[in-house]
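Asker: The structure follows.
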Amino acid sequence: MAKKVAVLAVNPVNGFGLFQYLETFFENDIPYKVYAVADTKEIKTNSGITITVDDVIANLKGKEDEYDALVFGCGDAIPKFSENADKTYNQDLMAVIKAFADKDKIMIGHCAAGMMFEFAGIAAGKTISLHPLAQAAIQKANVSGEKCAIDGNFYTAETESTIWTMMDKLVEALKK
């Protein structure tokens, strides 16, 4: 039986990246649920399309044992996180990322995901791939400089355009 995945979607989320994960999970019978990193289930893609996801991140806290993996679906994550760092949903984001990592769940993401993993204190010593503009902010993880990096239970891609480079290995891990 495939592992169950919690998908975090920031507001606004990068639709191209998010839908690559969701389509891959759907096509491979990998169960998932999408959580908005927001106060509401209605969020936008960074191209302005409104989508309604399954739930909000506040309702994921404490439910880490119900999932085997966590995806951080990037978008305008860093500027929006910076603008709204004091919001409960962003505090929940950091707590959820840390809780999943503390339980050795599969951690997945692209673009600024590696930076968010670093901010949450879970990337130390891991090799990660992330957007070239975010690489300078990394202090404790190792930046791969490649399109994707797989380091133990961490699966990271440089951008939404390189997610595909890790998908075969990710699907394999999620179907074990």
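The values are calculated or read from the model by the stated rules, or taken from the named source; none is laboratory data. Because the structure is a prediction, the values reported are computed rather than measured. Counting neighbours? That spans all protein chains shown, and the Cβs are built from the backbone with ideal geometry, glycine included. What goes into the accessible areas is simple: the full protein's heavy atoms, side chains included, and nothing from ligands, DNA or RNA. Shrake-Rupley method; radii C 1.70, N 1.55, O 1.52, S 1.80 Å.
Asker: Condition (residue is of a type in the set (A, V, I, L, M), open to solvent by less than 20 Å² (accessible area, probe 1.4 Å) and free of Cβ contacts under 8 Å to residues at least 40 places away in the same chain) applied to region 64-80: is it met by at least one residue?
Answerer: Scanning region 64-80, I find no residue that is of a type in the set (A, V, I, L, M), open to solvent by less than 20 Å² (accessible area, probe 1.4 Å) and free of Cβ contacts under 8 Å to residues at least 40 places away in the same chain, so the answer is no.
Asker: For a quick check of your reading of the model, give me the residue pairs whose first member lies in region 130-141 and is within 15 Å of Ser161 (Cα to Cα), whose second is surrounded by 14 or more Cβ atoms within 10 Å (Cβ to Cβ) and small (Gly, Ala, Ser), with beta-carbon atoms closer than 7 Å and at least 6 apart or on different chains.
Answerer: Partner pairs satisfying both residue conditions: Leu130/Ala112; Leu130/Ala113; Leu130/Gly114; His131/Ala112.
Asker: Among Gly17, Gly75, which is the only one that is touching a Pro at 6+ places or on another chain (Cβ under 6 Å) and of a type in the set (Gly, Ala, Ser)?
Answerer: It is Gly75.
Asker: Let me ask you something else. Can you pull out the helices (runs of 4 or more DSSP H) entirely within region 14-119 that have at least 1 residues that are in contact with a Leu (Cβ under 6 Å, 6 or more places away or on another chain) and within 26 Å of Lys175 (Cα to Cα)?
Answerer: In region 14-119, 88-102, 113-119 are the helices (runs of 4 or more DSSP H) which contain 1 or more residues that are in contact with a Leu (Cβ under 6 Å, 6 or more places away or on another chain) and within 26 Å of Lys175 (Cα to Cα).
Asker: Report yes if Thr88 is hydroxyl-bearing (Ser, Thr, Tyr) and open to solvent by 50 Å² or more (accessible area, probe 1.4 Å), otherwise no.
Answerer: Considered against the rule, which asks whether it is hydroxyl-bearing (Ser, Thr, Tyr) and open to solvent by 50 Å² or more (accessible area, probe 1.4 Å), Thr88 comes out as yes.
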